[in-house]
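Structure first, then comments.
Every number here is computed from the coordinates shown, using simple stated rules; none is lab data. Keep in mind that what you see is a predicted model, and the values were worked out from it rather than measured. Glycine gets a Cβ as well: all are built from the backbone with ideal geometry, and neighbour counts include every protein chain shown.
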Amino acid sequence: MMSGFEQSTALITGASSGIGKALAYALADRGLDIVITARSAERLSAIKEELEGRVNVSMIVCDLAAADGVEHLMKTLTMSETQVDMLVNCAGLAPHVDFLSTEDPDQKDLIALNVTAPTRLIRHFLPEMRARGFGRVLNVCSVAAFHPVPSMAQYGATKAYLLSLTEALSEELKGTGVTFCALCPGVTKTESAIREIVEALPDAMVLSPEAVAEAGLNALDSGEVVCIPGRLNQAAVTAAQLQPRWLVRTLGGLVAKFRTEPSSTVNRSRD
Ligand SMILES: NC(=O)c1ccc[n+]([C@@H]2O[C@H](COP(=O)([O-])OP(=O)(O)OC[C@H]3O[C@@H](n4cnc5c(N)ncnc54)[C@H](OP(=O)(O)O)[C@@H]3O)[C@@H](O)[C@H]2O)c1
């Protein structure tokens, strides 16, 4: 597994919980040194404590939606002379909010985290990876990247951007030794998932973060550019792609109308 990656280093954003945390553990299991980053120092420390010794673990506390967040992360890595062989862009926000009812009309945090941060990190590490003839980029998108998502319109748009960017760059960088994978999970049992949606879906459509992480790393390993974990999720995306766009967005609009309020996402405090 991860052939050629032994003694390499992976940078994982959003590593303090959910899919990013599962990716951190899975990469450590594969023997990669890891740099984990998120806002929660306490959670990162707990992961570092658990994995340190098996591999080298560094943690960088960083708010990637803040104006200087990405800069801080890049500078810290440059100062410690850390060579990043694998970039995992996992940090993401999924606000369940109507376009017109949001209090932040620019959706600054959403765009900073889901669009600007991964774009800048890829742009930062890509020249070095290409020069070395070796690099991997795993971008955590979503099945929401494949179709419009009424009631989460901006979220769907950010994930469509990241999927498109990933696919385009994978072609542009073909033959350079740098490969890309867009990991597009369906609903995954994490703190961000809306409980009503998790409960309404058949078990086979709701994966664990560990299963999603494993699928993503296997896909990256075998050179797949787009990975949709779970057969039912794959079938749902394929079926939607075979329908006319008007039908897909109309069905999405109907689902949004009947969806319960997101009252029961799991809230937690930040340290
Ligand atoms: N769960 C799903 O159903 C699902 C489905 C499809 C795609 N995804 C995607 O999967 C990715 C991970 O989501 P998840 O479900 O695993 O959610 P999660 O458990 O809430 O994890 C989100 C991660 O992002 C970090 N983060 C949030 N805001 C940040 C900020 N401003 N700066 C730096 N880090 C920040 C969080 O850490 P801190 O809070 O410590 O900063 C956490 O580590 C996201 O990109 C999401 O869109 C999730």
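Subtracting the Cα-Cα distance from 0.36 nm times the residue separation, let me have the gained length for residue 80 to residue 45 in nm, one decimal.
Gain on stretching residue 80 to residue 45: 10.8 nm.
Which residues make up the longest stretch of the chain clear of trypsin sites (Lys or Arg not before Pro) that lie in a DSSP loop with no more than 13 other Cβ atoms within 10 Å, not counting the sites?
Within the chain, the longest run free of exposed trypsin sites (Lys or Arg not before Pro) spans 55-173.
Can you pick out the pairs among 48/108; 189/257; 108/159; 48/159 whose Cα atoms lie more than 27 Å from each other? Don't skip to the answer; put the middle values down first.
Working: 48/108 30 Å; 189/257 23 Å; 108/159 15 Å; 48/159 29 Å.
Pairs exceeding the cut-off: 48/108; 48/159.
Could you work out the Kirkwood radius for the stretch 9-258, taking every pair of different alpha carbons, averaging 1/r and inverting it, reported in Å?
Hydrodynamic radius (Kirkwood, Cα pairs) of the stretch 9-258 is 18.5 Å.
Between residue 29 and residue 242, how high is the FRET efficiency from 1/(1 + (r/R0)^6) when r is the Cβ-Cβ distance and R₀ = 35 Å? Nearest 0.05.
Numbers: r = 37 Å, r/R0 = 1.06.
For residue 29 and residue 242, the calculated efficiency is 0.40.
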